[in-house]
1. Arrange the peptides 36-45, 79-88 so that the one whose residues have, on average, the most other Cβ atoms within 10 Å appears first.
2. Report, largest value first, the span of the C-alpha coordinates of region 26-145 along each principal axis, in whole Å.
3. Write down the accessible area per residue of region 43-96 in Å², having rolled a 1.4 Å probe over the full set of protein chains.
4. Rounded, prolate or oblate: pick one for region 100-145, where a ≥ b ≥ c are the square roots of the eigenvalues of its C-alpha gyration tensor, a/c under 1.5 means rounded, and failing that, prolate if a/b is larger than b/c, else oblate.
5. Using a 7 Å offset from the Cα along the Cα-to-Cβ direction at both Glu42 and Ser144, what is the distance between the two label points in nm, to one decimal?
6. Starting from the Cα-Cα distance between Ser33 and Asn81, subtract it from 0.36 nm times their residue separation and give me the gain in nm to one decimal.
7. Can you tell me the length gained on complete extension of the stretch Thr98 to Thr50, counting 0.36 nm per residue apart and subtracting the Cα distance?
8. If one computes the Cα centroid of region 98-130 and of region 45-94, what distance in Å separates the two points?
Amino acid sequence: MEVIMGTRILCFALFLNLFLSRCSDTGDAVSTSIKNSTWRLESIESGGHTTSVPSNEVYTLHFENDTIVTGQVHCNTYFTNYRLVPPDSISFGPFNATKIGCPLPSNQDEFRLGFDDANSLKVAGTQLRLYYLNRTRVLNFEKSM
């Protein structure tokens, strides 16, 4: 009886270890795909509508490493930290940006809102989607080469 119980515990422990390692592999895959990469904002989705970002407005994400992101927000630059939680949750720290007055109209307030209320992100090839406001809005990025 003790041998059977020991075998069941061992099997359960091995199953649990396999399950947990697969969960962390998913997070590592996202982390690996964005580390040291730069992305440019192409469009914003809100209320079922997609709005393209004008070519004269530049918004970028550059994932420096596993914790820092920098970039351009229209005519300003910024940096902040980020945290990924497998499989696809993301959160950002305080948004630190220069305060140059950008020409209007500008999408910089919406871009910042995406950071302040980020829920998750999805990476598929050269596309990165940052979901925010309880996944009701999306910032769509294209990977920069």
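1. Numbers: 36-45: 17.4, 79-88: 15.0.
Put in order of decreasing packing, that is 36-45, 79-88.
2. So the three principal-axis extents are 40, 31, 27 Å.
3. Accessible area per residue, region 43-96: 50 Å².
4. Values: a/c = 2.89, a/b = 1.33, b/c = 2.17.
Since a/c reaches 1.5 but b/c is at least a/b, the shape of region 100-145 is classed as oblate.
5. Result for the modelled spin labels: 1.6 nm.
6. Working: separation 48, 0.36 × 48 = 17.28 nm, distance 1.71 nm.
Full-extension gain reported as 15.6 nm.
7. Numbers: separation 48, 0.36 × 48 = 17.28 nm, distance 2.77 nm.
Additional length available on full extension: 14.5 nm.
8. Each part reduced to its Cα centre gives a spacing of 5 Å.
The values are calculated or read from the model by the stated rules, or taken from the named source; none is laboratory data. Just so it is clear, the structure is predicted and the values come from calculations on it, not from any experiment. Cβ: placed from backbone, ideal geometry, glycine included. Neighbour counts: every protein chain shown. Keep in mind that these areas ignore ligands, DNA and RNA; they rest on the heavy atoms of the full protein, side chains included. Shrake-Rupley method; radii C 1.70, N 1.55, O 1.52, S 1.80 Å.
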